Amino acid sequence: FFFLMIRRPPRSTQSRSSAASDVYKRQRYYCANGPSNAFGRAITEVHIRSCLAAGLKMAGLNAESAPSQWEFQIGIAEGIEAGDHLWLSRYLLTRVGEDFDVDISFEPKPITGNWAGSGCHINFSTESTRLENGIEVILKDFLPKLEKSHAEHLEVYGEDNLKRLTGRNETAPLNVFSYAEGHRGTSVRIPVLTTEISKGYFEDRRPASNIDPYLATAILVDTCCCLLYTSPSPRDRQKSRMPSSA
């Protein structure tokens, strides 16, 4: 995710009641269209076309939950390639921003208050999770390891990430590791499709938009593929929760 710091105010909208306005503003901008809802689309379109022309692996683009907030996806990439392509795509984005006289912000929470922050979610899989019944590897091997290493991951998951991981606006609290199927308010989301076909990937939703992608992907590999897991103590277990529904 990233914010376009456009040097003009959004167009005014019809006044609403406080409660209706609060709901409206959280739904208004996500995958929106129209000049009063989607700010900076031309910039994002030029960016993604520049990335494709440069041979980068671009998987998608959409407007996000706050005004002038956008998301693009890198992938499917293997290993260090994910970091290479993200790093170059950020460079191209800031260069495109120059042409439009717009600053790009990768800060996790550039707009304070009840607005969504910016993350850099990582969809992660290995050969073992993509094989038949690979979901057992995710649930019984990878997730317990990620829970045990939660604090270590947060150290490399972006500067000022504590401003974003509040337990609100589709994030999990900073000090609690959690996971669930299709749940946006957890540390790790297991896609519905992964559950349905019993194999695939999981989404680590903790990383902030300003991560060093090499450090973030490296610690995922280290934890899931290299760490010898030992059962957490009862005290550690009490710090974790798993929401029952989305």
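Tabulated values for the structure
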quantity	calculated
From phi via Karplus (6.51, -1.76, 1.60), per-residue ³J(HN,Hα) for the range 138-147 in Hz, x at Gly/Pro	4, 6, 9, 10, 5, 5, x, 5, 5, 4
Computed FRET value (nearest 0.05) for Ser198 with Asp84, which takes r as the C-beta separation and R₀ as 35 Å	0.65
Packing-based order for 188-194, 202-208, 59-65, 96-102, using average beta carbon neighbours within 10 Å, highest first	202-208, 188-194, 59-65, 96-102
Chain lengthening between Thr166 and Leu131 when straightened (0.36 nm per residue, less Cα-Cα)	9.1 nm
Solvent-accessible area, 1.4 Å probe, carbon plus sulfur percent, for the range 52-126	52
Note, ³J(HN,Hα) from phi for the range 178-184, Karplus 6.51, -1.76, 1.60, rounded to Hz, x at Gly and Pro	8, 8, 5, 7, x, 9, 7
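The values are calculated or read from the model by the stated rules, or taken from the named source; none is laboratory data. Keep in mind that this is a model prediction, so the values were computed, not measured. Glycine also receives a Cβ, built like all others from the backbone with ideal geometry; neighbour counts cover every protein chain displayed. Each accessible area value is taken on the protein alone, full model and side chains, heavy atoms only, with ligands, DNA and RNA left out. Shrake-Rupley method; radii C 1.70, N 1.55, O 1.52, S 1.80 Å.
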